[in-house]
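**Student:** Here it is, the structure in full.
The values are calculated or read from the model by the stated rules, or taken from the named source; none is laboratory data. This one's a predicted model, so the numbers in the text were calculated from it and none came from an experiment. Cβ coordinates were reconstructed from backbone atoms using ideal geometry, including for glycine residues, and neighbour counts include every protein chain displayed. When the accessible area is computed, the model is the full protein with side chains, heavy atoms only, and any ligands, DNA or RNA have been set aside. Shrake-Rupley method; radii C 1.70, N 1.55, O 1.52, S 1.80 Å.
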Amino acid sequence: MLRIGSHLSSSKGYEAMGRQALKLGADTFAFFTRNPRGGSAKAIDLKDVERFQLIWKAQGYGKITAHAPYTLNACSDKEEVRRFAWEAFADDLARMEYTPGNYYNFHPGSHVGQGVETGIQWIVKMLNACLKPEQTTIVLLETMAGKGSEIGRTFEELKRILDETALSDKMGICLDTCHVWDAGYDIVEDLDGVVAEFDRVIGLQHLKAVHINDSMNPKGSHKDRHARIGEGFIGLPAFERIIRHPAFRDLPFILETPNDDAGWTAEISMLRALEKPL
Ligand code: FE
Ligand code: FE
Ligand code: ZN
């Protein structure tokens, strides 16, 4: 069965997110580990985590996906920006261990003119400094639209990062449908071809989660503006093929669509209905 949820606000803690997810008909969800644009992180409330785990385990639900702040850029040309990235990344990973065995997703970063090669080296440096053999969290690199100087617009760039990370067994990939489309991968006309390319370049065994978003822009636009499912250039028939594709079968799907709770509830039930065999 389709595992699907949306990106929720973490401002009221884990239990609140768990309850909200249940209300939406979700069996997974995503959230920011801290203010997406700033840096501060609230202390973990152990009682809150405990109450969340009880709710979640009673349902038998699986992994949730934390998202690093957008401001985290490990490959900035500014030292203080890179230092914030390292500190926030390490701190987030430590905090993730209060909810063991989940995913932590981050945007590889923007090289801001230093070039892809230098950018990749900065990212790898952070990963090799911060990943720990004992951690239970799997860190996911997100496929990016290629806006500005974003790294991760091709499967090859992500593969390079995985290859150079020493603890690569702690790593995986999160595929964002809006981003790969904006990056130029034709998931509408040639989904099988894109999946085959992912498998050839990275390996499907490394694909751990999907961000399911329509796109406000045509293929290859490098824009990264999410649309509601079926309201963008990707379109509903393509999403039907995506959620039914064997390569994505058991992965958590996260909606990052511009919506309120009613909108997500509707999208989740629509996608669940679409997933069922005719
Ligand atoms: Fe993201
Ligand atoms: Fe995303
Ligand atoms: Zn995006």
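**Student:** Using the C-alpha atoms of the stretch 1-160, what convex hull volume per residue, in cubic angstrom, is computed?
**Tutor:** 122 Å³
**Student:** Right, next: In whole Å, what three semi-axes, largest first, describe the equivalent ellipsoid of the chain built from its Cα gyration tensor (square root of 5 times each eigenvalue)?
**Tutor:** 26, 25, 17
**Student:** Also, I was wondering about something else. Rounded to the nearest whole Å³, what is the per residue volume of the convex hull around the Cα atoms of the stretch 209-258?
**Tutor:** That works out to 73 Å³ per residue.
**Student:** Computed from the mean reciprocal separation of all distinct C-alpha pairs, what Kirkwood hydrodynamic radius does the stretch 1-84 have, in Å?
**Tutor:** Here the Kirkwood hydrodynamic radius works out to 14.1 Å.
**Student:** Once phi is turned into ³J(HN,Hα) by the Karplus curve 6.51 cos²θ - 1.76 cosθ + 1.60 with θ = phi - 60°, what whole-Hz value does each residue of the stretch 49-63 show in order, with x for glycine and proline?
**Tutor:** Going residue by residue, I get 4, 4, 4, 4, 4, 4, 4, 5, 6, 4, 7, x, 7, x, 5 Hz, with x marking Gly and Pro.
**Student:** Do the alpha carbons of any pairs in Lys125/Lys159; Lys147/Lys219; Lys63/Lys125; Lys170/Lys223; Lys159/Lys223 sit beyond 18 Å of each other, and which pairs?
**Tutor:** Distance filter (> 18 Å) returns Lys63/Lys125; Lys170/Lys223; Lys159/Lys223.
**Student:** Further, regarding this structure: Normalising by the residue count of the chain, find the relative contact order in percent from Cα pairs under 8 Å and 6+ residues apart.
**Tutor:** 18 percent
**Student:** What do you get for Rg/Rh over the stretch 69-219 if you use C-alpha atoms and the Kirkwood form of Rh?
**Tutor:** Rg divided by Rh gives 0.96.
**Student:** Using a 1.4 Å probe over the heavy atoms of the protein chains, calculate the carbon and sulfur portion of the accessible area of the chain as a whole percent.
**Tutor:** With neighbouring chains kept in place, the figure for the chain is 54 percent.
**Student:** What length, rounded to one decimal in nm, is gained on full extension from Arg249 through to Lys147, with 0.36 nm per residue of separation minus their alpha-carbon distance?
**Tutor:** 33.8 nm
**Student:** Sort 106-114, 190-198 by the packing proxy (mean of other Cβ within 10 Å over each peptide's residues), most packed first.
**Tutor:** 106-114, 190-198
**Student:** Separate question: Putting +1 on Lys and Arg Cβ atoms and -1 on Asp and Glu Cβ atoms, find which of Leu127, Gly62, Leu274 reaches farthest to the positive end of the dipole of the chain.
**Tutor:** Gly62
**Student:** Place a point 7 Å from Cα of Val112 in the direction of its Cβ. Which residues in the stretch 152-176 have their backbone N less than 19 Å from it?
**Tutor:** 152-153, by backbone N distance to the label point.
**Student:** Run the simple label-point estimate for Asp163 and Glu79 please: 7 Å along Cα→C-beta, distance reported in nm.
**Tutor:** 3.2 nm
**Student:** Okay, next question. Would you calculate the separation in nanometres between label points at Ala41 and Tyr70, each defined as 7 Å from the Cα along the Cα-to-beta-carbon direction?
**Tutor:** 2.0 nm
**Student:** Moving on. Roughly how many nanometres apart are two label points built 7 Å out from the Cα toward the Cβ at Ala58 and Arg241?
**Tutor:** 4.2 nm
**Student:** While we're here: Aspartates and glutamates near Lys276 by alpha-carbon distance under 15 Å, same-chain residues fewer than 8 away left out - which ones?
**Tutor:** Straight-distance partners of Lys276: Glu240, Asp250, Glu267.
**Student:** Which of the aspartates and glutamates could be linked to Lys12 by a straight reach, that is with a Cα gap under 14 Å, when you skip same-chain ones fewer than 8 residues away?
**Tutor:** Asp45, Asp48
**Student:** Just to be sure I understand: if I project the alpha-carbon convex hull of the stretch 172-278 onto a plane and average over all orientations, what area do I get in nm²?
**Tutor:** So the Cα hull casts an average projection of 6.3 nm².
**Student:** Tell me, in nm to one decimal, what length is gained between Asp199 and Ala16 on full extension, where the rule is 0.36 nm per residue of separation less the Cα-Cα distance?
**Tutor:** Taking 0.36 nm per residue and subtracting the Cα distance, the gain is 62.2 nm.
**Student:** Check Ser215: other-chain or 5+ apart residues with amide H under 5 Å from its amide H, H built from backbone geometry?
**Tutor:** Here Ala227, Gly232, Phe233, Ile234, Gly235 satisfy the definition.
**Student:** Please give the FRET efficiency for Ala94 paired with Ala273, using the beta carbon to beta carbon distance and R0 = 25 Å, rounded to the nearest 0.05.
**Tutor:** The calculated FRET efficiency here is 0.05.
**Student:** Whole number in Å², please: accessible area per residue of the chain, 1.4 Å probe, ligands, DNA and RNA not counted.
**Tutor:** Here the residues of the chain average 43 Å² of exposed surface.
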